[in-house]
1. For region 184-202, what are the residues that are among the hydrophobic types (A, V, I, L, M, F, W, C) and either buried (at least 20 other Cβ atoms within 10 Å of the Cβ) or within 20 Å of the chain's Cα centre (by Cα) (or both)?
2. Does region 25-51 hold any residues that are more than 20 Å from G158 (Cβ to Cβ) and open to solvent by less than 90 Å² (accessible area, probe 1.4 Å), and which are they?
3. Can you confirm whether E199 is on the phi < 0 side of the Ramachandran plot, without any contact (Cβ under 8 Å) to a residue 60 or more places away in the chain and acidic (D, E)?
4. Within region 139-162, count every residue that is modelled with pLDDT of 85 or more and either closer than 23 Å to E32 by Cβ or among the hydroxyl-bearing types (S, T, Y) (or both).
5. With the structure loaded, tell me whether A85 is at pLDDT 90 or above, within 27 Å of N227 (Cα to Cα) and open to solvent by less than 60 Å² (accessible area, probe 1.4 Å) or whether it fails that test.
6. Hey, any hits in region 51-71 for a residue that's within 22 Å of V145 (Cβ to Cβ) and more than 16 Å from the chain's Cα centre (by Cα)?
7. Is it the case that region 232-246 has a residue that's within 10 Å of V195 (Cβ to Cβ), surrounded by 11 or more Cβ atoms within 10 Å (Cβ to Cβ), modelled with pLDDT of 90 or more and touching a strand residue (DSSP E or B) at 6+ places or on another chain (Cβ under 9 Å)?
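The values are calculated or read from the model by the stated rules, or taken from the named source; none is laboratory data. From a predicted model like this one, the values you see are computed outputs, not experimental measurements. Every residue, glycine as well, gets a Cβ built from its backbone with ideal geometry; the counts of neighbours run over all protein chains shown. Remember, those area values only see protein heavy atoms, side chains included, never the ligands or the DNA or RNA. Shrake-Rupley method; radii C 1.70, N 1.55, O 1.52, S 1.80 Å.
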Amino acid sequence: VFERALGKQDLDLMGSRYVIDMWLDDLGFFEEDAGAAEYYMAVEAAANPIITIVSKLQNSFRRWVSQLEVGTDDRPLEQLICPNAKVLNFNYTEFVETLYNVDDVCYIHGCRKNKKQRLILGHKPGAEGTNHEKSRKPYSYRQAVINAAQDDVLDLIGKYDEKLTKDCQAIINDNRSFFEGLNMIDQVVVIGHSVSDVEWDYFFEVNKSVHNAHWYFGVYGLNDLNNIEQMTGKMGLKNYNFFRTDDINTK
């Protein structure tokens, strides 16, 4: 949900002529003694929401992930996770190792244990765009400035928005050896994942190596069920079952 929300920012509002005109006016660009500094300050001010997210997200997210603790001695997935399994881990924590003694873990988006590693999070490329069209021929100096500033704001927004996207294909290529090592797998268990389309590419890649495997999908509510049905339809997957995870309890 969080990553999907990153792709739902109102980029059109940030790049709107009204907002840009407001910043140019507030920062004094149209005053007699103004210059390029006021212009570029207005451009950055308009794009500031996405600039702030990009500059602060990584550190804030790592601080949150680093504070996560197990908080229980229960092992509710003990019958599902075998120590000799291969695990594709999406959640940045080492709990599957420490709780279930699994050695072969691919931290596809990074692990909090590695303090120097960037944790990968973001929305699907192309999830959000702008409806900006080139403005008509300006009939005043003010309109010409707003046109130029709007182009600069949208260029800046685009560059920062790229940093919030998750290039799944590039990540798959970086972890190619893990996916190629799945050819002997005959059972795939998906648990604790909403199966959002942001990450369908990973499931498609797994399916390429495990053609005859039986899939088991943990379902936590109707949203998970809808996502799984859509994805399995796209995959052409026939050999799968569901099981409920909303009734798994821990002390």
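1. V188, V190, I191, V195, V198, W200
2. Within region 25-51, D25, L27, G28, F29, F30, A34, G35, A36, A37, E38 qualify.
3. It is false that E199 is on the phi < 0 side of the Ramachandran plot, without any contact (Cβ under 8 Å) to a residue 60 or more places away in the chain and acidic (D, E).
4. 11
5. Values: at pLDDT 90 or above: yes; within 27 Å of N227 (Cα to Cα): yes; open to solvent by less than 60 Å² (accessible area, probe 1.4 Å): yes.
The answer is yes for A85.
6. Yes, region 51-71 contains at least one residue that is within 22 Å of V145 (Cβ to Cβ) and more than 16 Å from the chain's Cα centre (by Cα).
7. Within region 232-246 (the criterion being within 10 Å of V195 (Cβ to Cβ), surrounded by 11 or more Cβ atoms within 10 Å (Cβ to Cβ), modelled with pLDDT of 90 or more and touching a strand residue (DSSP E or B) at 6+ places or on another chain (Cβ under 9 Å)), the answer is yes, since at least one residue qualifies.
Conditions (1) in contact (Cβ under 8 Å) with a residue 60 or more places away in the chain; (2) buried (at least 16 other Cβ atoms within 10 Å of the Cβ), marked per residue:
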{"residue": "Q143", "(1), (2)": "no, no"}
{"residue": "A149", "(1), (2)": "yes, yes"}
{"residue": "C168", "(1), (2)": "no, yes"}
{"residue": "D174", "(1), (2)": "no, no"}
{"residue": "L182", "(1), (2)": "yes, yes"}
{"residue": "F204", "(1), (2)": "no, no"}
{"residue": "G218", "(1), (2)": "no, yes"}
{"residue": "L222", "(1), (2)": "no, no"}
{"residue": "N226", "(1), (2)": "no, no"}
